[in-house]
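What follows is one structure encoded as structure tokens, with my remarks underneath.
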Amino acid sequence: MDEGTELIEAYDYLFKFIVIGEAGTGKSCLLYHCIHESFKEHSAHTIGVEFSSRTLRIGERNIKLQLWDTAGQERFRSVTRSYYRGAAGAILVYDITSRQSFAHLDRWLADCRALGSPHLVAVLVGNKLDREDEREVEYSEGSRWAQENGLLFVETSSLTGENVPTPFHLAARNILSSIDSGALDPDAAGTGVSYGERQLRAVGSSSRLSSAFGRRGRRKSVSLGDMVGGRGCSC
């Protein structure tokens, strides 16, 4: 690569994901640990919706995840549901120490399936695995509920990081598989999936940059790492 040239963050596909579930289940901490690989101290309840992204790599392809972290409180429901539209993936989180958070899963799943992509891939996540001694929802219950409702399933700990990347990798790999098989067309509207573009940028040379890329748009990029199988994963 010539001096003064750098590789722009590039991606092959962009996937829209939503992270949903009751308040207090650890959604924001799960997402934070996935992106920063560390625990988020003193995390407050999400107000409305927060946006972030991560690049993962699957095989030889980079996938950008557009991640929408939604508030779990009822008062924000009308606002957050608007962000479900066209989602390609949904990370549905409950707290294994809270029977109530598990009991309300039906409502969350119904909302995301009604508003998300027709090809929506959903992963059920039982969070707070580090609090095993306070468990109210058994692993077998979560696994059975996921199977009955057509979801993938994994238990995680936002505190220790156990299995944290797994739900995002599971969903992304399944979406990519649908693209490869022809079942999902990234050009179709409302799928929550779009094509990306790999590019080079000449640093410090505005004329070269405009002539090379002036007539075509650039999208951001995300890379998906191969899924690392872990304890508590049912797929």
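The values are calculated or read from the model by the stated rules, or taken from the named source; none is laboratory data. Just so we're clear, the structure is a prediction, and the values are computed from it rather than from any experiment. Cβ coordinates were reconstructed from backbone atoms using ideal geometry, including for glycine residues, and neighbour counts include every protein chain displayed.
Of the candidates PHE168, PHE153, the single residue that is within 15 Å of CYS34 (Cβ to Cβ) and either modelled with pLDDT of 95 or more or small (Gly, Ala, Ser) (or both) is PHE168. Residues in segment 109-138 that are of a type outside the set (A, V, I, L, M) and within 23 Å of LEU184 (Cβ to Cβ): ASP111, CYS112, ARG113, GLY116, SER117, PRO118, HIS119. Going through (1) in a helix (DSSP H, G or I); (2) at pLDDT below 95; (3) not small (Gly, Ala, Ser) one by one, ASP130 falls short only on (2).
In this structure, GLY72 does not qualify as touching a Lys or Arg at 6+ places or on another chain (Cβ under 8 Å), at positive phi and either at pLDDT below 95 or among the β-branched types (Val, Ile, Thr) (or both).
All of ARG81, ARG54, ARG77 fail the test of being of a type in the set (D, E, K, R) and at pLDDT 90 or above, apart from ARG54.
Applying the condition of being touching a residue at least 12 places away in the same chain (Cβ under 8 Å) and assigned to a loop (DSSP other than H, G, I, E, B) to segment 133-149 and asking which residue is surrounded by the most Cβ atoms within 10 Å (Cβ to Cβ) yields VAL137.
Here's the yes/no breakdown for (1) of a type outside the set (S, T, N, Q); (2) modelled with pLDDT under 90; (3) not in a helix (DSSP H, G or I):
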| residue | (1), (2), (3) |
| --- | --- |
| GLY24 | yes, yes, yes |
| SER28 | no, yes, no |
| GLU50 | yes, yes, yes |
| LEU67 | yes, no, yes |
